[in-house]
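The values are calculated or read from the model by the stated rules, or taken from the named source; none is laboratory data. Fair warning: this is a prediction, and the values are worked out from it, not measured in the lab. A quick note on method: Cβ atoms are made from the backbone with ideal geometry, for glycine too, and the neighbour counts reach across all protein chains shown. Protein only, heavy atoms only, side chains kept; ligands, DNA and RNA dropped before computing areas. Shrake-Rupley method; radii C 1.70, N 1.55, O 1.52, S 1.80 Å.
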Amino acid sequence: MPSPGMTRRTTRVPPAADPRLAVSLGPLRLRNPVMLASGTCGYGEEFAEFTPPGVLGAIVVKTVTRQPRDGNRPPRVCETASGMLNSIGLENGGIDYFCETLLPALRTYPTIRIVNIAGATTDDYVALAKRLDGEKGVDAIELNISCPNVAHGLDFATSPPQTTELVRAVRRATERPILVKLSPNVTDIVAVAKAALEGGADVLSLINTLQGMAIDWRRRAPRLGGITGGLSGPAIKPVALRMVWQVARAFPKAPIVGIGGIASADDALEFLVAGATAVQVGTASFLDPAAGRKVVEGLTKVVDDEKWESIESVRGTLKSSEAGPPA
Ligand code: SIN
């Protein structure tokens, strides 16, 4: 949903390794549907050996805020059944450090580079978007309105009117494509997705982590310094699939990136069938930093085996009429 009168810059298209895997995600043309999720691959630098940026559809770098942040009290991560809890608290060096120190390397990556930003107020997001708008090597901006681990982290994502107002303000501040990362910590994901689209979001990313906690009963103590945290990994895949399917059913033309427990080509394809155009691999990269590359390789094999001309043909092909939702 472009704003009236706004001219978009054309996105740089990396050379397609296998044209059958290429997908159009709103205004972005990706070499394949596999992205690395924000907060799980740093700024790409340590991943290159295992998952070279050139094999990916896109990389989404760790959240950048206006000011540097130290993050939350340790411990900041703990393992749970089929998942991981984190309470990082958006530790990062701030936008000046990002632009001066990290962006030069990111610019050299032969893939789509998406910068994830977060703030406590609309002004914060607008200032960040304006700053990035003037920087080369930033192909798109993902608005993190869904971090459960900081004060005000969920203010926008849990209020459809605030989501619309925020996205509209950022839309005016940048010509870059805008992805909006939604929270599963809501009762009606479709209402928030609608609000983001009405504000001018180009793409919806869903889901961020689910709020949870872990307790060491012997010490009568929480396992995380931040007490509560965000749950990710295979444990949340069914929730993510359900939400992607609901949003895709409500807005069949909206470009959606599925996130939540994706560790294999099969996982990725489940999200595409549910209605996503692309996926982000997140927690799986902590177990295996080559997970992103392996998902791409797995998709290539499935495309071969199934003799698909384009992976885009799979999108939204769930035969949900065979088993309808409960009355
Ligand atoms: C964090 O920094 O606490 C995690 C980021 C997020 O949940 O968006």
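Out of Ala196, Ala191, Ala140, Ala201, one residue alone is surrounded by fewer than 22 Cβ atoms within 10 Å (Cβ to Cβ) and modelled with pLDDT of 95 or more. It is Ala191. Considered as a group, the residues in the range 69-83 that are under 25 Å from Met35 (Cα atoms) and among the polar types (S, T, N, Q) include one that is surrounded by the most Cβ atoms within 10 Å (Cβ to Cβ), and that residue is Thr80. Considering the range 261-273 alone, what residues qualify as being assigned to a loop (DSSP other than H, G, I, E, B) and among the aliphatic types (A, V, I, L, M)? Of everything in the range 261-273, those that are assigned to a loop (DSSP other than H, G, I, E, B) and among the aliphatic types (A, V, I, L, M) turn out to be Ile262, Ala263. Considering only residues in the range 5-48 that are open to solvent by 40 Å² or more (accessible area, probe 1.4 Å) and of a type in the set (Val, Ile, Thr), the one that is modelled with the highest pLDDT turns out to be Val13.
Give the residues of the range 205-238 that are closer than 25 Å to Ala58 by Cα and surrounded by fewer than 17 Cβ atoms within 10 Å (Cβ to Cβ), sorted by residue number. Please lay out each step first, then the result.
Step one: filter the range 205-238 for residues closer than 25 Å to Ala58 by Cα, giving 205-210, 230-238.
Correct list: Pro238 only.
Confirm whether Gly316 is among the small types (Gly, Ala, Ser), farther than 13 Å from Val244 by Cα and either open to solvent by 40 Å² or more (accessible area, probe 1.4 Å) or assigned to a helix (DSSP H, G or I) (or both). It is false that Gly316 is among the small types (Gly, Ala, Ser), farther than 13 Å from Val244 by Cα and either open to solvent by 40 Å² or more (accessible area, probe 1.4 Å) or assigned to a helix (DSSP H, G or I) (or both).
Every listed requirement among (1) assigned to a loop (DSSP other than H, G, I, E, B); (2) touching a Gly at 6+ places or on another chain (Cβ under 6 Å) is met by Asn185 save one, (2).
What number of residues within the range 147-157 satisfy the criterion of being touching a helix residue (DSSP H, G or I) at 6+ places or on another chain (Cβ under 9 Å) and not acidic (Asp, Glu)?
The initial filter retains those residues of the range 147-157 that are touching a helix residue (DSSP H, G or I) at 6+ places or on another chain (Cβ under 9 Å), namely 155-157.
Narrowing further to those that are not acidic (Asp, Glu): 156-157.
Result for the range 147-157: 2.
Can you tell me which of Ala248, Ala195, Ala254 is over 23 Å from Leu299 (Cα atoms) and touching a residue at least 24 places away in the same chain (Cβ under 8 Å)?
Exactly one of Ala248, Ala195, Ala254 is over 23 Å from Leu299 (Cα atoms) and touching a residue at least 24 places away in the same chain (Cβ under 8 Å), namely Ala195.
Residues in the range 240-260 that are open to solvent by 50 Å² or more (accessible area, probe 1.4 Å) and in a loop (DSSP other than H, G, I, E, B): Pro252, Lys253.
Applying a threshold of 6 Å to beta carbon distances and a minimum spacing of six or more residues, or different chains, the list of pairs starting in the range 57-68 at a residue that is more than 12 Å from Gly39 (Cβ to Cβ) and ending at one that is open to solvent by less than 10 Å² (accessible area, probe 1.4 Å) and within 13 Å of the ligand (Cβ to nearest atom) reads Thr65/Ala118.
Scanning the range 261-296 for residues that are of a type in the set (S, T, N, Q) and open to solvent by 20 Å² or more (accessible area, probe 1.4 Å) yields Ser264, Thr283.
What number of residues in the range 144-182 are outside any loop (DSSP other than H, G, I, E, B) and of a type in the set (Gly, Ala, Ser)?
2
The residue that is nearest to the ligand (Cβ to nearest atom), among those in the range 127-143 that are in a strand (DSSP E or B) and within 15 Å of Arg113 (Cβ to Cβ), is Glu142. For Pro110, the criteria (1) more than 15 Å from the ligand (Cβ to nearest atom); (2) buried (at least 18 other Cβ atoms within 10 Å of the Cβ); (3) closer than 25 Å to Pro52 by Cα hold in every case but one, which is (2). Residues that are assigned to a loop (DSSP other than H, G, I, E, B) and within 16 Å of the ligand (Cβ to nearest atom) within the range 13-61 comprise Ala37, Ser38, Gly39, Thr40, Cys41, Gly42, Tyr43, listed in sequence order.
Restricting attention to the range 193-212 and to residues that are within 13 Å of the chain's Cα centre (by Cα) and assigned to a strand (DSSP E or B), the residue that is farthest from Ile262 (Cα to Cα) turns out to be Val203.
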